[in-house]
Amino acid sequence: MKKEKKEIINKIGRFVEPYRVVRGKKFRLGDFDPGDTGGLGSDRKPLAGELLVQGVRWLAEEQVKLYAQDRHSLLLVFQAMDAAGKDSTIRHVMSGVNPQGCQVFSFKQPSMEELDHDYLWRYHARLPERGRIGIFNRSYYEEALVVRVHRELLERQRIPPDLVTRDIWKQRLEDIAGFERYLARQGTTVLKFFLNLSRKEQKARFLERLDRPEKNWKFSSADVSERKHWDGYMEAYEDAIRRTAGRDAPWYVVPADNKWFTRLVVVAAVVDALRRLDLSYPEVGEARKKELVRARRALMGERG
Ligand code: ATP
Ligand code: MG
């Protein structure tokens with residue numbers, strides 16, 4: 001690997017480790033501070049910006065190899081409370097990537113057709129193809145988050161009543177962990193990001209949406225009433241992470257009160273995951289080399 005590439009990895013690597021959760025059983029959400037900036041004061045924002053740019057450039061280069069190899073795929077799952085910055089993080093982190101190698105899906109309330117299937121159906125259908133980076137803006141985790149907090153959503157799924165027991169969330173999370181293990185065995189690397197926003201900062205961002213006319217369109221009264229369920233969501237998130245974080249399926253609990261830092265951690269985590277894949281361009285075998293020589297000759301022999 002080129003020296004400057006190694007340097008980027010060394011510089012941003014330290015912003016990943018503190019937020020990576022691989023041992024679910026030990027996880028406590030309270031141990032993670034949404035306002036954490038990894039020791040960088042706000043005067044270091046320009047440095048963070050510079051590292052972000054370098055990381056994005058690195059990502060773009062590696063993505064070409066991922067695509068050329070056509071073997072691995074990467075699934076980035078984004079989960080968060082409203083106004084945590086999912087959209088803008090996705091936009092920044094993927095800004096240098098060739099759109100052809102990248103697929104973004106936002107999951108909203110399921111349609112009637114989707115409700116008629118098992119709950120993983122719609123997510124499975126949108127997994128990234130080999131060689132691609134897939135992004136889930138909300139994901140199958142909602143099936144144990146919003147559906148857990150709002151029980152009426154579970155009713156709509158029309159599951160036979162005897163299967164709806166006290167263990168249903170534990171079972172769902174087991175199935176999700178199994179689904180992710182299956183994906184890992186197929187060559188899909190799954191990274192899960194929880195953008196960890198504080199209740200206080202969410203309020204400040206909602207107020208900003210009300211105060212600034214160009215942000216009014218983002219405001220939703222439903223989001224404000226959802227704040228009543230904050231504790232329920234936090235418990236559901238904690239349980240989901242505890243039951244599904246593992247070596248091959250890490251969660252990243254990313255501090256989200258400062259957007260500039262959120263982006264840096266996410267890009268650092270993606271860079272780190274791609275580095276582990278140790279990608280390279282496909283080998284050119286002897287037969288292929290000969291074919292390339294013939295093609296060159298044919299082109300050179302053309303008139304004009
Ligand atoms: P933004 O608000 O930034 O546009 P968003 O992801 O919040 O992004 P919305 O259209 O506001 O998008 O909301 C989507 C809604 O769909 C959320 O309230 C979410 O809880 C809900 N939702 C997502 N997945 C499911 C699901 N599986 N079952 C029920 N509701 C879901
Ligand atoms: Mg929303």
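Here are some notes:
- Index of the failed condition, A240 passing every other in (1) surrounded by 19 or more Cβ atoms within 10 Å (Cβ to Cβ); (2) within 25 Å of G13 (Cα to Cα): (2)
- Qualifying residue in segment 170-182 (condition: in a loop (DSSP other than H, G, I, E, B), more than 12 Å from ligand 1 (Cβ to nearest atom), surrounded by fewer than 20 Cβ atoms within 10 Å (Cβ to Cβ) and of a type in the set (S, T, Y)): no
- Count of segment 84-111 residues, restricted to those that are among the hydrophobic types (A, V, I, L, M, F, W, C) and over 17 Å from E142 (Cβ atoms), is 4.
- Put simply, of P46, P34 the only residue that is part of a helix (DSSP H, G or I), of a type outside the set (A, V, I, L, M) and more than 19 Å from P99 (Cβ to Cβ) is P46.
- Among the criteria (1) under 15 Å from V77 (Cα atoms); (2) within 16 Å of ligand 2 (Cβ to nearest atom), the one V253 does not fulfil is (2).
- From the options Q79, Q63, residue that is within 16 Å of ligand 2 (Cβ to nearest atom) and surrounded by 18 or more Cβ atoms within 10 Å (Cβ to Cβ): Q79
- Lone qualifier among L195, L183 - being within 16 Å of ligand 2 (Cβ to nearest atom) and under 30 Å from L74 (Cβ atoms): L195
- Tally of residues being touching a residue at least 12 places away in the same chain (Cβ under 8 Å), under 17 Å from N196 (Cα atoms) and of a type outside the set (V, I, T) across segment 7-62: 14
- Out of K215, K228, sole residue that is among the charged types (D, E, K, R), assigned to a helix (DSSP H, G or I), surrounded by fewer than 15 Cβ atoms within 10 Å (Cβ to Cβ) and within 13 Å of ligand 1 (Cβ to nearest atom): K215
- Among the residues listed as R57, R71, the single one being at pLDDT 90 or above, among the basic types (K, R), assigned to a loop (DSSP other than H, G, I, E, B) and on the phi < 0 side of the Ramachandran plot: R71
The values are calculated or read from the model by the stated rules, or taken from the named source; none is laboratory data. Since we're looking at a predicted model, the values are computed, not measured. Because the Cβ atoms are built from the backbone with ideal geometry, glycine has one as well, and the counts that use them run over all protein chains shown.
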